[in-house]
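To start, the structure under review is shown below, and the notes come after it.
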Amino acid sequence: MLGPSQHVALLNPLHASAARAVFTETTHEIDIAGVSLMTSPQMLPQPAPLDDGRPSHYNFDRASVLPALALAPQPGHRVLDACAAPGGKALALAAQILHAGDGELICNDKSIKRRASLERMLERYLGGAEAAIRVTGADATRPDVAEWPSHFDRILVDAPCSSERHIMQAPRTPWTPSRLSRDADVQLRLLRAAASRLAPGGLLVYATCSLAPTENDEVVDRLLAEERQIELHDAMEAGHLGDAAAAPLLAGAERTRRGAIVLPD
């Protein structure tokens, strides 16, 4: 928690060259499989409209981009972002799908309000170019969602959680210890359903913004105890996180028993 802040912006994948002009020379650029990122220890500028009105970039918490890079979808892959709103990780996945030139991304969120916000964000950034991207409103704890393909090559479960990580930023955020076990049960149902839709050899990434092992390592423990055919990978090496270019994004990340955690600074 003593590490320096690292702010990250995802350049609009349709206009990365034009979007670069918004940033100063003090930023560092990282390019990974269609995901063009600008990083800086200083606060980054707010998105600016480009010539066609699309925003220049999307500002991230540094940790937020890591799950999308860990998935590393390849050409032809079917990808599910099971709990996609507000959409930053979905945008990073879309950038990779568009770069690959072939594939399908389903961005799902059960909440009508959050889903509407997700649709607006995708339209604002990618409108007219997102033929391979579809938004759905299914209950992702169900293994039998009829509107989805039977199997996916890549699945992201960025699960709803107790969000006590956000207490660092907003001390009045409602939170009680009893939420941990309730949220962990929902998280396990999400992972069970995702595992049932994962194609052989596919990759499932689980992420939360919780600090509690109850919602992180222990949920993975429970899934692995039930699903013996699932093989655990090193979170720090998964997908594009093993690329040398990603090393600055992993600065300060700490391995846990089942994954990795980036603590708030």
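The values are calculated or read from the model by the stated rules, or taken from the named source; none is laboratory data. None of these values were measured; they are calculated from a predicted model. No Cβ is skipped: glycine too gets one built from the backbone with ideal geometry, and neighbour counts run over all protein chains shown. Areas reflect the complete protein model, heavy atoms only, side chains present, ligands, DNA and RNA absent. Shrake-Rupley method; radii C 1.70, N 1.55, O 1.52, S 1.80 Å.
Select from the stretch 1-36 the residues that are open to solvent by less than 60 Å² (accessible area, probe 1.4 Å) and at pLDDT below 90 and list them in ascending order.
Those that are open to solvent by less than 60 Å² (accessible area, probe 1.4 Å) and at pLDDT below 90: Gly3, Ser5, Gln6, His7, Thr27.
State whether the residues of the stretch 57-65 include one that is buried (at least 19 other Cβ atoms within 10 Å of the Cβ), under 16 Å from Arg124 (Cβ atoms) and at pLDDT 90 or above.
Yes, there is a match, as at least one residue in the stretch 57-65 is buried (at least 19 other Cβ atoms within 10 Å of the Cβ), under 16 Å from Arg124 (Cβ atoms) and at pLDDT 90 or above.
For the stretch 14-46, enumerate the residues that are more than 15 Å from Phe60 (Cα to Cα) and either touching a helix residue (DSSP H, G or I) at 6+ places or on another chain (Cβ under 8 Å) or among the β-branched types (Val, Ile, Thr) (or both).
Across the stretch 14-46, the qualifying residues are Leu14, Val22, Thr24, Thr26, Asp31, Ile32, Ala33, Gly34.
Within the stretch 190-200, which residues are touching a residue at least 24 places away in the same chain (Cβ under 8 Å) and over 19 Å from the mean Cα position of the chain (by Cα)? If you could, list the steps in order and put the result at the bottom.
Looking only at the stretch 190-200, we keep the residues that are touching a residue at least 24 places away in the same chain (Cβ under 8 Å), and these are 190-199.
Those that are touching a residue at least 24 places away in the same chain (Cβ under 8 Å) and over 19 Å from the mean Cα position of the chain (by Cα): Ser196, Ala199.
Search the stretch 40-51 for residues that are under 13 Å from Ala21 (Cα atoms) and pair each with any residue that is assigned to a loop (DSSP other than H, G, I, E, B) and open to solvent by 70 Å² or more (accessible area, probe 1.4 Å) when their beta-carbon atoms are under 9 Å apart and the residues are at least 6 apart or on different chains.
From the stretch 40-51, the pairs are Pro45/Thr24; Ala48/Ala21.
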